[in-house]
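Here the structure comes first, spelled out in structure tokens, and everything after it is commentary.
Quick note: the coordinates plus some simple rules give every number you see, no bench work behind them. In this text the structure is predicted, and so the values were computed from the model without any measurement. Heads up, the Cβs are rebuilt from the backbone with ideal geometry, glycines too, and the neighbour counts pull from every protein chain shown.
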Amino acid sequence: MNKLLLMITTAPNQLLAEEISKELIERKLAACISFREIKSIYIWQGNIEENKEFELSIKSIPENLNELTLILKEKITYEVPEIIYKIFDSENSYFQWVEESIS
């Protein structure tokens, strides 16, 4: 099976979302990153918070997980950044494109 990594994180603004996306693509750690503006409602330090954020969907390979995690922790300004991920099976031609894009 063709295994791909999908990571999801959030950034506080579009500028940082674009900066992270470009850096990960340039460093060939991700083949594609899509992002969109979202509204988040969450508990922080006992209070209900509401903020606009940018959610990033990072498509890569499982072997890049640790390096991607380190970079995201360094770049994202939140005290506790959202970094979640899952390994998925992929259709063959998309998997090949991802591998070619990051090699």
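Can you pick out the pairs among LYS39/LYS86; LYS3/LYS39; LYS59/LYS86; LYS22/LYS59; LYS3/LYS86; LYS28/LYS59 whose Cα atoms lie more than 21 Å from each other? Table pairs above 21 Å Cα-Cα are LYS39/LYS86; LYS3/LYS39. Each residue, TYR85 and TYR42, gets one label point 7 Å from its Cα in the Cβ direction; the gap between the two is 1.8 nm. Taking every alpha-carbon pair in the chain and binning the separations at 10 Å intervals from zero gives 15, 47, 28, 9, 1 percent. Residue separation of GLN96 and GLU26 scaled by 0.36 nm, minus their Cα-Cα distance, works out to 23.4 nm of gained length.
Of the GluC sites (Glu not before Pro) found in the stretch 61-103, those in coil by DSSP whose Cβ has at most 14 other Cβ atoms within 10 Å are GLU79, GLU91.
Between SER103 and SER57, take the C-beta separation as r, use R0 = 30 Å, and let me know the FRET efficiency to the nearest 0.05. E(calc), rounded to 0.05, equals 0.90. Working out 0.36 nm times the residue gap between GLU49 and TYR78, then minus their Cα-Cα distance, what length gain in nm do you get to one decimal? Full extension of this stretch gives 9.1 nm more.
Panel order for LYS86, LYS28, LYS59, by other beta carbons found within 10 Å of each beta carbon, from fewest to most: LYS86, LYS28, LYS59.
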